[in-house]
1. If Gly119 passes every condition in (1) at positive phi; (2) modelled with pLDDT of 95 or more but one, which one does it miss?
2. Of these, Ile339, Ile281, Ile285, Ile347, which one is farther than 22 Å from Arg258 by Cα and in contact (Cβ under 8 Å) with a residue 24 or more places away in the chain?
3. In the stretch 219-264, how many are at negative phi and not in a helix (DSSP H, G or I)?
4. Kindly establish whether Thr158 is within 32 Å of the chain's Cα centre (by Cα) and not in a loop (DSSP other than H, G, I, E, B).
5. Within the stretch 288-305, which residues are free of Cβ contacts under 8 Å to residues at least 24 places away in the same chain and either part of a helix (DSSP H, G or I) or not assigned by TED's automatic domain parsing to the domain that holds Thr211 (or both)?
6. Scan the stretch 141-153 and report the pairs whose first residue is more than 15 Å from Met184 (Cα to Cα) and in the same structural domain as Pro181 (by TED's automatic domain parsing) and whose second residue is modelled with pLDDT under 95 and among the hydrophobic types (A, V, I, L, M, F, W, C), with Cβ atoms within less than 6 Å and a gap of 6+ or a chain change.
7. Does the stretch 429-438 hold any residues that are closer than 15 Å to Ile400 by Cα and of a type outside the set (Ser, Thr, Tyr), and which are they?
Amino acid sequence: MKGRKQQQTAARRSKTRPLLLICTALVLVAVLLVGGGIALQLLGQPTKPSHPAASVTATATCQPSCAPKITTFGLTVEGHQPEEEPQSTVGPTVSFTPPLLGASTELSNPMRGPQYFGGEAPPPGWPLTDRYSRWCWREVEPQKGQINYGLIDQALATAAAAGYTFGFRIMPNFPGHDCLPDYMKGVSYNDQRYLESARALFTALAQRYNTDPRLSWLDMSLYGCWGEWNEACGGETMTPENRQALIDIQVQAFSNKRFFMMVSHQDSLNYALSLQRAYPIGIRIDCLGTPGIGGGKEVLDGNPLAGARWQTAPLYFEFCPDADFTQALQDVKTYHASIIGDGGGNISGFDGLNAQQKALLTEIYRVSGYRLSLKSISLPGMLLVGQPFTVTAQWINTNIAPTYHPWQVLLQLRNASGVVAWQQSSQVDLRSVFPGEPLSASDQFMLPANLAKGDYTVTVQVVDPNQYYAPLELANQGRQNDGSYPLGTVKVQ
């Protein structure tokens, strides 16, 4: 009896032994498959498609067709990757890194750099962008209610012909000049007739120019010596309440324009900077090149609201006579100035400067404002129509201030003839690209099902949503006549 049980037990063991061997073999197959997949990924070599306008890197990915086949104990098992969500692209991811321009190559972008309105000669070949002027009140309104629109229209036309915009100030007091209209002579700053006349003037101007794209900004006007909101040349001081009312008159009339506010009265400055507007109010400071920047340094250092303003609105510095360019360069960098005014004749023409002054002035202009470039852009090297794909771009700003204009970044696919076959807007806000702080932004796009299959050139173009300015110049090589930047080639399937 005992012998029979032992025989039965041995028989059962002999029957289960092949099953155990098969299970063990399957475990070994799984281990080999996982290890093989890792090894293949480790051994995969990146490929580098070439394009004359950009260097390209790619990361290889093993497809199911390259997985191994293993035969063990008479069983053939095909290797496969772990199951994932359906992929919208095939092929490697490519990264385009367009080369940068040299630092000495100046860019003709708006709302930055020098503004000359005094007739001095700028550095030879230097691009002058937006235009500016200031007039006495009587020049703009020679008779009560009669506006000299031709004066402003001509200035706007000149700026538009150059492809840029115009800004102005209206002065009630210009020492040595008869600045007020005859009907305003003897009217006090604190007389309600002054505010009423100011309102009538700005209402009339705004009806004509508030939506005119050629007019970009205004200085806060109609108070103080040279319209600078100070009493340096004498005269009456406007009350804080009336100064606030004068600010309201101007910003309410020109709701669609940017303003620059002076710094002499900090209560008025703070009120202006606290206003919530589509185009936040910037700061204008005179006497660049002097130790205190005309009192502006004390304000920027001691007033947190003013000191941080460069992050959301431009700072406009203007030279005083006999400016120290070394001091000016230091202050432009420290306070993140965007626009540098000549002061209407306060500096010499470029040919009248010595070699050191020329080098310093050129550097002041070069570093002011923003200088944006595309560092890299990554996307799948093969795209499927009707399927989503992700594009990641990295932007850098090598100057001292951001741009304050809402530029629109377009990603385009262009065919062999250079025609845009597809384009979409990125969600990136270039106003958020701060100096020394690269910004990485990802967008998800989808190609339409009717897009023809084939090879396309990936192109970036940065345009003005108002369709006024020319496309933005980036500090990258390869700019085309239409302001676009071809980066490299992808395939559409």
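1. With respect to (1) at positive phi; (2) modelled with pLDDT of 95 or more, Gly119 is out only on (2).
2. Values: Ile339 fails: farther than 22 Å from Arg258 by Cα; Ile281 fails: farther than 22 Å from Arg258 by Cα; Ile285 fails: farther than 22 Å from Arg258 by Cα.
Just a single option satisfies the conditions, and that option is Ile347.
3. Narrowing the stretch 219-264 to residues at negative phi: 219-221, 223, 225, 228, 230-233, 236-264.
This time we only want the ones that are not in a helix (DSSP H, G or I), so: 219-221, 223, 225, 228, 230-233, 236-239, 254-264.
Of the residues in that region, 25 qualify.
4. Working: within 32 Å of the chain's Cα centre (by Cα): yes; not in a loop (DSSP other than H, G, I, E, B): yes.
Yes: the conditions hold for Thr158.
5. Of all residues in the stretch 288-305, those free of Cβ contacts under 8 Å to residues at least 24 places away in the same chain come to 292, 298, 301-302, 304.
Glu298, Asp301, Gly302, Pro304, listed by residue number.
6. Between residues of the stretch 141-153 that are more than 15 Å from Met184 (Cα to Cα) and in the same structural domain as Pro181 (by TED's automatic domain parsing) and residues that are modelled with pLDDT under 95 and among the hydrophobic types (A, V, I, L, M, F, W, C), there is no close pair.
7. Of the residues in the stretch 429-438, the ones closer than 15 Å to Ile400 by Cα are 430-438.
Within the stretch 429-438, Leu430, Arg431, Val433, Phe434, Pro435, Gly436, Glu437, Pro438 qualify.
Conditions (1) closer than 22 Å to Thr93 by Cβ; (2) not assigned by TED's automatic domain parsing to the domain that holds Thr334, marked per residue:
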residue	(1), (2)
Glu363	no, no
Thr392	yes, yes
Trp395	yes, yes
Gly418	no, yes
Ala421	yes, yes
Asp429	no, yes
Glu437	no, yes
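The values are calculated or read from the model by the stated rules, or taken from the named source; none is laboratory data. Note that the structure is a prediction, hence the values are computed from the model and not measured. Here the Cβ is made from the backbone with ideal geometry for all residues, glycine too, and neighbour counts use every protein chain on show.
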